[in-house]
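*Asks:* The following block contains the structure, expressed as structure tokens.
The values are calculated or read from the model by the stated rules, or taken from the named source; none is laboratory data. These numbers come from a predicted model, not from an experiment. Because the Cβ atoms are built from the backbone with ideal geometry, glycine has one as well, and the counts that use them run over all protein chains shown. Accessible surface is based on the protein model in full, side chains and every heavy atom, while ligands, DNA and RNA are left aside. Shrake-Rupley method; radii C 1.70, N 1.55, O 1.52, S 1.80 Å.
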Amino acid sequence: MNIFEAVLLGVVQGLTEFLPVSSSGHLALFQRIIEATGGTMKEPSLFFDTMLHAGTLIAVFIVLWKDIWEIIKKPIQKITLFLIIATIPAVIAALTFEDAIEEIFVSAKFLGICFLITTILLVTAEILSRRAKINNNLKKAADMTWLDALIIGIMQAIAIPPGISRSGATISGALFRGLDRDFAARFSFLMSIPAILGAVVLQTKDMIGESAQSEYSIGAAAVIAGTITAGAVGFFAVKFMLKIIREKSLFGFAVYTAILGVLVIADQLITHLVF
């Protein structure tokens with residue numbers, strides 16, 4: 001992979017990490033496109049994906065620094081407990097199905113179907129959220145329960161495969177439970193902190209041993225360029241998404257992932273231009 005390709009993937013990651021369209025799905029798709037068009041990247045790199053996610057983690061800290069600082073000042077509080085509960089399902093899934101997950105990332109065989117799953121989640125969440133607002137049943141942060149956190153965490157575990165949006169699934173899970181839209185987005189982005197850190201830890205072993213050879217072939221300069229780009233673009237994306245979730249509808253993102261899912265499936269089954 002050259003630096004231009006790394007920067008391109010960094011832009012893709014930064015734009016899509018916090019939008020409910022699946023950053024991992026877009027990275028898998030763009031990696032395939034780069035390979036199909038004669039790029040220097042010979043295979044998708046789960047470690048490189050993880051480093052791009054780490055770049056966007058910086059954006060979370062900058063934009064949500066007030067929320068994070070409140071947790072640091074008073075770590076023993078309800079929101080801390082809920083974040084821990086919400087993180088557990090994804091940890092269990094990642095440790096239990098680690099090899100299968102990496103195979104799904106590399107093959108991307110279910111990518112189109114997963115994009116369509118994201119569409120279903122977003123449409124359902126938007127409908128339920130509107131219904132809760134009409135019935136005046138929206139819950140604020142103070143009304144959140146451990147069961148809400150657990151269900152949101154299960155949604156995050158479901159979103160591990162590329163194509164199922166992590167932010168889309170967790171925001172949808174929060175909206176399924178009737179939580180306020182602004183808090184749903186903020187809680188989802190706070191959940192990304194342990195999720196991304198956990199992914200980095202799990203992939204660290206790929207830097208040592210025989211499996212690391214393909215990772216090092218990417219080159220340190222390309223990894224650094226991609227990571228910095230993802231963080232810079234992600235800063236603006238997270239601020240944009242917070243505004244969208246408060247004031248707009250998720251239907252536009254649902255239409256986009258539906259079209260993308262159909263195109264990917266059509267290419268996988270018929271045209272084979274990329275897959």
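*Asks:* Give, to the nearest whole percent, the P(r) tail of the chain beyond 33 angstrom, counting all Cα pairs. Intermediate values should be presented prior to the final figure.
*Replies:* On the way: 6572 of 37675 pairs.
Cα-Cα pairs of the chain separated by over 33 Å account for 17 percent.
*Asks:* Please state, as a whole number in µm²/s, the translational diffusion coefficient that the Stokes-Einstein equation yields for segment 62-185 at 20 °C and 1.002 mPa s, with Rh defined as the Kirkwood radius across alpha carbon pairs.
*Replies:* Answer, rounded: 138 µm²/s.
*Asks:* What is the ratio of the Cα radius of gyration of segment 131-200 to 2.2 N^0.38 Å, with N the residue count, to two decimals? Could the numbers behind the result be given before it?
*Replies:* Details: Rg = 12.2 Å, N = 70, 2.2 N^0.38 = 11.1 Å.
Relative to the 2.2 N^0.38 Å estimate, segment 131-200 comes out at 1.10.
*Asks:* Which value, in Å² rounded to 10, gives the accessible area of Leu273 with a 1.4 Å probe and all protein chains present?
*Replies:* About 130 Å², ignoring ligands and nucleic acids.
*Asks:* Rounded to the nearest 10 Å², what accessible area does Arg166 show when all protein chains are kept and the probe is 1.4 Å?
*Replies:* Arg166 has an accessible surface of roughly 40 Å² with all protein chains in place.
*Asks:* Using 0.36 nm per residue of separation minus the Cα-Cα distance, give me the extension gain between Phe240 and Gln77 in nm, one decimal.
*Replies:* Once the chain is fully extended between Phe240 and Gln77, it gains 55.8 nm.
*Asks:* On average, how much accessible surface per residue is there in the chain, in Å², for a 1.4 Å probe, leaving out ligands, DNA and RNA?
*Replies:* Here the residues of the chain average 47 Å² of exposed surface.
*Asks:* Something else now. Rounded to the nearest 10 Å², what accessible area does Leu197 have for a 1.4 Å probe in the complete protein model?
*Replies:* Ignoring ligands and nucleic acids, Leu197 comes out at about 90 Å².
*Asks:* Something else now. So what are the ³J(HN,Hα) numbers for segment 115-127, from phi and the Karplus equation (6.51, -1.76, 1.60; θ = phi - 60°), rounded to whole Hz, Gly and Pro as x?
*Replies:* For segment 115-127, the Karplus-derived couplings read 4, 5, 4, 4, 4, 4, 4, 5, 5, 4, 5, 5, 5 Hz, x marking Gly and Pro.
*Asks:* Return the carbon/sulfur percentage of the accessible area of the chain, one whole number, probe 1.4 Å, all protein chains in place.
*Replies:* That share works out to 72 percent.
*Asks:* Computed from the mean reciprocal separation of all distinct C-alpha pairs, what Kirkwood hydrodynamic radius does segment 1-148 have, in Å?
*Replies:* Roughly 18.2 Å, rounded to one decimal.
*Asks:* Let me ask something else about it. On a 1.4 Å probe surface of the protein chains, which of Met1, Met241 comes out largest in accessible area, and what is the full order?
*Replies:* Largest accessible area first, the list is Met1, Met241.
*Asks:* Here's a follow-up. Given 0.36 nm per residue, what is the gain on full extension from Leu263 to Glu98 after removing their alpha carbon distance, in nm?
*Replies:* Numbers: separation 165, 0.36 × 165 = 59.40 nm, distance 2.82 nm.
Extra length available between Leu263 and Glu98 comes to 56.6 nm.
*Asks:* Sticking with the crude label model, points 7 Å out along Cα→Cβ, report the distance from Trp65 to Val91 in nm, one decimal please.
*Replies:* 2.8
*Asks:* Now a separate question. Which far-off residues, 5 or more places away or on another chain, put their amide H under 5 Å from the one on Lys139, with H placed in the peptide plane?
*Replies:* Correct list: Leu179, Asp180.
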